[in-house]
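The values are calculated or read from the model by the stated rules, or taken from the named source; none is laboratory data. Because the structure is a prediction, the values reported are computed rather than measured. Ideal geometry is used to build each Cβ from the backbone, glycine not excepted, and the neighbour counts take in all protein chains shown. For the accessible areas, the whole protein counts, side chains as well, though only heavy atoms, and no ligand, DNA or RNA atoms are used. Shrake-Rupley method; radii C 1.70, N 1.55, O 1.52, S 1.80 Å.
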Amino acid sequence: MKIICVGRNYTEHIAELNNERPDAPVIFLKPETAQIRAGEPFFYPEFSKDIHYEVELVVKINRVGKNIEERFAHKYYSEVAVGIDFTARDLQSELKAKGLPWELAKAFNGSAPVSEFVSLSELGDIQNLNFGLALNGEMKQEGNSSMMLYRVNHLISFISKFFMIKKGDLIFTGTPKGVGAVQIGDTLTTYLEGKEMMKLSVK
Ligand code: MG
């Protein structure tokens with residue numbers, strides 16, 4: 001299983017980090033060891049003093065494929081979840097400044113909490129889903145998947161040119177605006193269509 005992540009996929013988040021709008025999807029990977037499941041805590045790593053939450057809609061791949069045409073991409077998923085793309089922002093800034101890869105800042109242990117999955121037959125259009133994140137009970141991020149620069153079917157088509165996708169792979173589809181820092185002792189709660197999906201404590 002692999003976790004494929006999309007960066008800079010919401011305009012207002014690109015602006016808050018002063019990043020450039022990409023002319024193709026920005027893709028990076030996290031290993032299987034990044035995933036934590038609903039109910040497990042997140043342990044704040046010692047190599048960072050600025051861990052940020054980024055709430056994201058997560059798509060679970062349900063069959064193997066490569067070089068998938070966009071018009072067939074919808075056949076490769078049927079469930080979504082809400083995840084957090086934890087980022088060591090201080091380390092990421094150093095790596096970006098040096099033109100180095102982001103993995104140390106993005107793919108560390110526990111950097112990809114994922115809620116339970118919900119069927120799209122219940123939810124409806126994958127490109128019109130409200131999702132969000134609260135920090136200690138206060139809403140910090142609210143997004144709708146209609147605001148993605150690159151939509152899910154385009155992402156799957158693009159990604160599958162480079163990486164064969166397999167059943168169980170997860171795609172983190174990018175974060176809307178409102179990212180921020182967490183501290184030890186915080187509780188993060190994620191929502192999908194108004195329903196609580198995951199409660200995560202930072203230890
Ligand atoms: Mg992200």
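Please report, in debye to the nearest 20, how large the charge dipole of the chain is about its Cα centre when each Lys and Arg carries +1 at its beta carbon and each Asp and Glu carries -1 there.
640
Can you work out the FRET efficiency for the pair residue 23 and residue 70, with r the C-beta to C-beta distance and R0 = 25 Å, to the nearest 0.05?
So, using R0 = 25 Å, E works out to roughly 0.90.
For a label point 7 Å from the Cα of residue 46 along Cα→C-beta, name the residues of the stretch 181-203 whose backbone N is under 17 Å from it.
Counting backbone N atoms under 17 Å from the label point, the list is 184, 203.
Could you give each residue of the stretch 47-56 its phi-based ³J(HN,Hα) in whole Hz, using Karplus coefficients 6.51, -1.76, 1.60 with θ = phi - 60°, and x for Gly or Pro?
Values, residue by residue: 8, 9, 10, 8, 7, 9, 8, 9, 7, 9 Hz.
Check cross-link reach from residue 177 to the aspartates and glutamates: straight Cα distance under 16 Å, and skip same-chain residues fewer than eight apart.
12, 16, 20, 54, 56, 85, 138, 142
Considering only DSSP states other than H, G, I, E and B, which trypsin sites (Lys or Arg not before Pro) in the stretch 70-141 qualify as loop sites with at most 13 other Cβ atoms within 10 Å?
Sites meeting the loop and neighbour criteria: 98.
Return the ratio Rg/(2.2 N^0.38 Å) for the stretch 3-201, where Rg is computed over Cα atoms only.
Taking N as the residue count of the stretch 3-201, the ratio is 0.95.
Report the residues of the stretch 161-177 in range of a label on residue 12: point 7 Å along Cα→C-beta, backbone N strictly under 16 Å from it.
Under 16 Å, as judged by backbone N against the label point of residue 12, lie 174-177 of the stretch 161-177.
Using the structure shown, list the pairs from 2/96; 66/96; 106/199; 96/203; 140/161; 49/166 with a Cα-Cα distance above 32 Å, or answer none.
140/161; 49/166
How much accessible area per residue does the chain have, in Å², with a 1.4 Å probe?
So the chain comes to 48 Å² accessible per residue, rounded to a whole number.
Using the crude model of +1 on Lys and Arg Cβ and -1 on Asp and Glu Cβ, and no other charge, please compute the dipole size for the stretch 1-92 relative to its Cα centre, in debye to 20.
For the stretch 1-92, the charge dipole is close to 500 debye.
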